[in-house]
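What follows is one structure encoded as structure tokens, with my remarks underneath.
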Amino acid sequence: MEKQKKEHILSLLVNNKPDVLARVAGTLGGRGYNIETLCVDATMDPGVSKIILSVIQDQATITKIEKQLIRLIDVHSVSDLSKMETVMREMMLVRMKLTDKNKADIALIIDTFRGRVVTMNGDHCVIEITSTKEDIDRAIESLKPLGIDDMARTGIVALERMK
């Protein structure tokens with residue numbers, strides 16, 4: 001029987017100091033696990049950072065990964081947010097070349113995905129869309145035929161929803 005792999009979102013609280021992220025990434029990469037998305041920033045306590053990363057693995061492997069990560073000296077906690085009621089978002093910036101033919105379609109897509117134009121300059125604009133991973137994927141597919149010039153996408157940011 002094949003083990004079912006799915007995306008797991010892991011939240012780590014770590015010491016905010018050099019090489020901690022490298023050791024976390026090395027722990028996963030050194031064992032052949034790919035990090036799909038990654039987002040890191042200091043918390044309200046500047047001495048502690050939060051790492052949100054996603055990996056696609058089966059539950060048994062996720063349990064092993066959690067045990068390997070918690071053993072690292074600078075890791076305070078590891079939580080699998082996939083098991084909890086969680087709010088998750090991603091953000092992307094997309095630069096589009098504007099033409100008379102695509103302006104109306106771009107405006108419709110911005111409206112559909114509740115995006116906004118961050119900057120418009122002559123024949124280019126930069127669009128920001130913040131939503132679920134699935135909506136971001138759909139927005140990209142909708143914008144591709146209109147000529148994406150360049151794009152940047154964050155990893156997943158997530159917080160456990162309190163009851």
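I need the full set of residues from region 49-83 which are in contact with a His (Cβ under 7 Å, 6 or more places away or on another chain) and of a type in the set (A, V, I, L, M, F, W, C), in order please.
V55, I62
In region 139-162, what count of residues is obtained for those that are closer than 25 Å to V40 by Cα and basic (K, R)? Can you show your working first?
Pass one, region 139-162, residues closer than 25 Å to V40 by Cα: 139-140, 150-162.
Applying the additional criterion that residues be basic (K, R) yields 153, 161.
Here the count works out to 2.
Where in region 17-97 are there strands (runs of 3 or more DSSP E), lying fully within it, with 1 or more residues that are touching a Phe, Trp or Tyr at 6+ places or on another chain (Cβ under 6 Å)?
Details: elements: 37-42, 48-57, 75-80, 86-97.
Those strands (runs of 3 or more DSSP E) span 48-57.
Take the residues of region 81-93 that are surrounded by 13 or more Cβ atoms within 10 Å (Cβ to Cβ) and out of contact with any helix residue (DSSP H, G or I) (no Cβ under 6 Å at 6 or more places or on another chain): which is nearest to A22 (Cα to Cα)?
Looking at the filtered set, the residue picked out is L81.
Quick one: in region 108-137, which of the residues that are more than 17 Å from the chain's Cα centre (by Cα) and of a type in the set (S, T, N, Q) is surrounded by the most Cβ atoms within 10 Å (Cβ to Cβ)?
T112
Output yes when any residue across region 89-107 is over 30 Å from D45 (Cβ atoms) and in contact with a Ser or Thr (Cβ under 7 Å, 6 or more places away or on another chain), and no when none is.
No, every residue in region 89-107 fails to be over 30 Å from D45 (Cβ atoms) and in contact with a Ser or Thr (Cβ under 7 Å, 6 or more places away or on another chain).
Going through R31, R71 one at a time, which residue ends up being free of Cβ contacts under 8 Å to residues at least 12 places away in the same chain, surrounded by fewer than 16 Cβ atoms within 10 Å (Cβ to Cβ) and over 20 Å from the mean Cα position of the chain (by Cα)?
On inspection, the qualifying residue turns out to be R71.
Looking at region 59-71, is at least one residue farther than 20 Å from Q4 by Cβ, outside the structural domain of G115 (by TED's automatic domain parsing) and either of a type in the set (A, V, I, L, M, F, W, C) or in contact with a strand residue (DSSP E or B) (Cβ under 8 Å, 6 or more places away or on another chain) (or both)?
Yes: region 59-71 contains one or more residues that are farther than 20 Å from Q4 by Cβ, outside the structural domain of G115 (by TED's automatic domain parsing) and either of a type in the set (A, V, I, L, M, F, W, C) or in contact with a strand residue (DSSP E or B) (Cβ under 8 Å, 6 or more places away or on another chain) (or both).
Can you give me the number of residues within region 40-62 that are surrounded by 13 or more Cβ atoms within 10 Å (Cβ to Cβ) and farther than 11 Å from L12 by Cβ?
Taking region 40-62 first, the residues surrounded by 13 or more Cβ atoms within 10 Å (Cβ to Cβ) are 40, 48-59, 61-62.
Pick out the ones that are also farther than 11 Å from L12 by Cβ and you get 54-59, 61-62.
Total satisfying the criteria: 8.
Results for (1) touching a Leu at 6+ places or on another chain (Cβ under 6 Å); (2) basic (K, R); (3) without any contact (Cβ under 8 Å) to a residue 12 or more places away in the chain, shown as yes or no for each residue.
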{"position": "K97", "(1), (2), (3)": "no, yes, no"}
{"position": "A104", "(1), (2), (3)": "no, no, yes"}
{"position": "M120", "(1), (2), (3)": "no, no, no"}
{"position": "K133", "(1), (2), (3)": "no, yes, no"}
{"position": "I140", "(1), (2), (3)": "no, no, no"}
{"position": "I148", "(1), (2), (3)": "no, no, no"}
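The values are calculated or read from the model by the stated rules, or taken from the named source; none is laboratory data. What you see is a predicted model; the values in this text were computed from it and never measured. So basically every Cβ, Gly included, is an ideal-geometry build from the backbone, and we count neighbours across all protein chains shown.
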